[in-house]
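A.B. asks: First the structure, then my questions, so here it is.
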């Protein structure tokens, strides 16, 4: 088995022999740019950080003596005289999904060699990410000033709610903010033609990080806000 | 570079984007119509898993990666089941204990 990944188009039908060949061959196990592999390893580590936060949230919620606050009521918004539960959170979800879509297109255009469109879509992604962080800041403001929720207390019920909320959404928001900075730096370098010789794997690597942030939000949205 | 070889058409991304919108909208409807109990849990978790799978497979290009990478990422992640199970048992035990104590 000397197949490199560029010869096997449909790797979904990969066999176990392929795995054995990858790991036993006298060359690197993963035929990909080293930066991409490092990003995957970083993301695997990050999976565990977020995973453990969510597990801690489960434990805190199961062990809380006082009732867990109703997220539906806290995060509801009134629009045109009608009360929508979780409206801001839903909008934030749609924004993050859209930013993931624009990022995927940026990666696609980067590999097609269209620098202008790559920069355009990366900038759109960064702007959407920035608006996400802005909305999250507004949400924090609401919880801190209107509901008087603190990391160490919560007048609406279980104290642990505040700690879990600020920890999980804060850490995720930090990831989004870091992603916006990362995207801006890479987009600027792409626009200057910095990667013309090196190749555009960097855009895919940045994309991996950005999609991961979106992926984490899928779980936070389900476990923290909906359930 | 190996990653550059397979570039799916833009239309695939637009379709997936639409699919993610629809799935998010469905999970929002679960909230909007105030479903409770087993229905709420199973629907929310179903939409969550579908969204996560689509993001991983298409947006993160995992579908086009080799099985070696799938395993290297997937198998360690499965370990997260361990703390979930341990702490779920612990949490159930504590609330059981409290119930017993307060209803005695």
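A.B. asks: Tell me which residues, restricted to the range B:69-85, are in contact with a helix residue (DSSP H, G or I) (Cβ under 9 Å, 6 or more places away or on another chain), loosely packed, with under 14 Cβ neighbours inside 10 Å and more than 7 Å from chain A (Cβ to nearest Cβ).
C.D. replies: Selection gives B:79 alone.
A.B. asks: Suppose we keep only residues that are over 30 Å from residue A:220 (Cα atoms) and within 8 Å of chain B (Cβ to nearest Cβ) within the range A:20-53. Which one would you say is surrounded by the most Cβ atoms within 10 Å (Cβ to Cβ)?
C.D. replies: The extreme case among them is A:22.
A.B. asks: Just checking, how many residues over the range A:56-94 are within 11 Å of another protein chain (Cβ to nearest Cβ), within 19 Å of the chain's Cα centre (by Cα) and surrounded by fewer than 18 Cβ atoms within 10 Å (Cβ to Cβ)?
C.D. replies: 2
A.B. asks: Answer yes or no as to whether residue A:164 is more than 23 Å from residue A:210 (Cβ to Cβ), in contact with a helix residue (DSSP H, G or I) (Cβ under 9 Å, 6 or more places away or on another chain) and in the same structural domain as residue A:128 (by TED's automatic domain parsing).
C.D. replies: yes
A.B. asks: Also: Any residue in the range B:33-55 that's free of Cβ contacts under 8 Å to residues at least 40 places away in the same chain: show its pairings with residues that are assigned to a helix (DSSP H, G or I) and surrounded by fewer than 16 Cβ atoms within 10 Å (Cβ to Cβ) at Cβ separation under 7 Å, as long as the two are six or more apart or on different chains.
C.D. replies: If the second residue must be assigned to a helix (DSSP H, G or I) and surrounded by fewer than 16 Cβ atoms within 10 Å (Cβ to Cβ), the pairs left are B:47/B:26; B:54/B:19.
A.B. asks: Within the range A:56-96, can you find the residues that are at positive phi and in contact (Cβ under 8 Å) with a residue 12 or more places away in the chain?
C.D. replies: Matches in the range A:56-96: A:86 only.
A.B. asks: Take the residues in the range B:1-24 that are out of contact with any helix residue (DSSP H, G or I) (no Cβ under 8 Å at 6 or more places or on another chain) and at pLDDT 90 or above, then tell me which one is nearest to residue A:70 (Cα to Cα).
C.D. replies: Selected residue: B:22.
The values are calculated or read from the model by the stated rules, or taken from the named source; none is laboratory data. Just so it is clear, the structure is predicted and the values come from calculations on it, not from any experiment. Positions of Cβ are backbone-derived with ideal geometry, glycine not excepted, and every protein chain shown enters the neighbour counts.
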